Amino acid sequence: MHAATLPDPYRPESGQEAQVPAGAVLGAWQRILPAVILIYSVMLFSPEVRISAAGLNIYSYRMAILPLLAVVVLRYLRGHTRWSLTDTLVMLAAIWMLASFTVHFGVGDGLVRAGALVVDFAGAYFVARISLGQMVDFRRLLVAIAPGLAVAGALMTLESVTHRLLVRPFWREIFGPLPEYFAGEAVADLVYQNEIRLGLLRSYSVFSHPILGGAVLISAFPLFLFAGLRGWPKLAGLGAALAGFFSLSSAAILGLFLVLGLAALEYLKRSIARLRWSAMAAIGLVLLLAAQLSTANGIVAALSPFTINPATAYIRRVQWQYGLDAVERQPVFGYGYGLIERAAWMTDSIDAHFLVLAIRHGILVPLLLLVAMIGVMVTAGLRAGREAEHRSLLVGYNFCLFTLIFVGMTVTYFGESQIWLMFILGLGASLVAVPALPAPPALPARDG
């Protein structure tokens, strides 16, 4: 069988073209197909695209996940994907989500309410988890999803500069308005925000909220920057990521500054041989600790002058105060969709993903999730130190997940943004588990 050169836009870290059998390439594209289907179900369709049945909304991404779960089970049973510790942590968190809602709503209603959340949470993770068999699959996947991200980013840009929402009103005309929820119950039709900031419209594109769209797109920047791609996939991915600016969200823009800063540090590290990420991380922690101790209201207050709307920093700080008090009172199963004690002027919304998980399901769920994320990042970092040919890709992955965690401290991921978060975690769990390709055998020495 003749060897097939990986199609251009791949560029292995060594700068040499990788040679793999043509049949293996075909199998690899089939392997990443579940992940590709899931991402396009998010990037091409807004939340208005749904099927409503028995009080449940089956959004486009759930239409993708539910049948793909059969593929997930088959790939585990056939040994194509091996069960890992991260899988166990995610599964335990999902089980606890189900248990917490049965406590609050009874077995029948609780399983129905929590079932949708678990499909988004664990389903997206496991679809991504089974979609990588080797490192190069990650690059293939980025190439495959780059057009979808580019479409979402282009629509976000177009809506912002034209001061006109395009995508969600279009799908609303076909599928009807989305409900507005309060304490888990539909109370009215959803009304879109038309907010102008810096002379631009805060645009939605295909996303549930501008801030969520910004977080998703911006987090993709380090993936496409460091994955070793070239040509149109790299440009499309980076362009889509930068379009996250048009969410005009303080959290997303701070996330953009974060990924740009991390990228600059990585390039600086490459030029200074003795500079290590461990040393830079230690310096960063010292600076964060100094900011926390030297300012009256901690890091959030220190960052508030750099936000588009400084008042939101105060609101988030108060949300954390009341939220942590609530978790301390109900740490095991949380409150479900119940309202917690808060100031009279506060809304029922809480903008902090891990805090919301603790309030809703108890502290175990966010702890399991954070342990899984940190474990994947640490393992990816260790592997990057051992495998020079994949170092850049793994560093870019860690930057992506770290950015999502950072933004998640001031944003609650739901809908397509939670799909993206768990999808990225699932990819990482596979990246650290796939075997390294064996080194080619050494040629025998010639006599004379």
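All of the numbers you see were taken from the coordinates with simple rules; none came from a lab. Source: prediction; values computed, not measured. Ideal geometry is used to build each Cβ from the backbone, glycine not excepted, and the neighbour counts take in all protein chains shown.
Once you place label points 7 Å from the Cα toward the Cβ at residue 33 and residue 257, how far apart are they in nm? So the label points at residue 33 and residue 257 sit 4.5 nm apart. Between the alpha-carbon centres of the stretch 320-336 and the stretch 399-417 there is a gap of 21 Å. The gain in end-to-end length when the residue 112 to residue 378 segment is fully stretched comes to 92.2 nm, 0.36 nm per residue minus the alpha carbon separation.
In sequence order, the stretch 193-201 has phi-based couplings of 7, 10, 10, 9, 10, 6, x, 10, 7 Hz under the Karplus curve 6.51 cos²θ - 1.76 cosθ + 1.60, θ = phi - 60°, and Gly or Pro positions carry x. Put simply, the amide H of residue 197, placed in the peptide plane, has neighbours under 5 Å in 202, leaving out anything fewer than 5 places away on its chain.
At an R0 of 30 angstrom, the distance between the Cβ atoms of residue 193 and residue 386 translates into a FRET efficiency of 0.05. Between residue 325 and residue 170, the distance separating the two model label sites (each 7 Å from Cα on the Cα→Cβ line) works out to 4.7 nm.
Applied to the stretch 244-257, the Karplus parametrisation 6.51 cos²θ - 1.76 cosθ + 1.60 on θ = phi - 60° returns per-residue 3J(HN,Hα) values of x, 4, 6, 5, 6, 9, 4, 5, 5, 5, 4, x, 5, 4 Hz, with x for Gly and Pro.
Computed extension gain for residue 76 through residue 271, at 0.36 nm per residue and net of the alpha carbon distance, reaches 65.9 nm. Modelled spin labels at residue 349 and residue 51, positioned 7 Å past Cα toward Cβ, are 3.1 nm from each other. As a rough guide to protection, the peptides 337-347, 378-388, 253-263, 36-46 ranked by mean Cβ packing within 10 Å, highest first, stand as 36-46, 253-263, 378-388, 337-347. Annotation: the residues 98, 431, 217, sorted from fewest to most other C-beta atoms within 10 Å of their own C-beta, follow the order 98, 431, 217.
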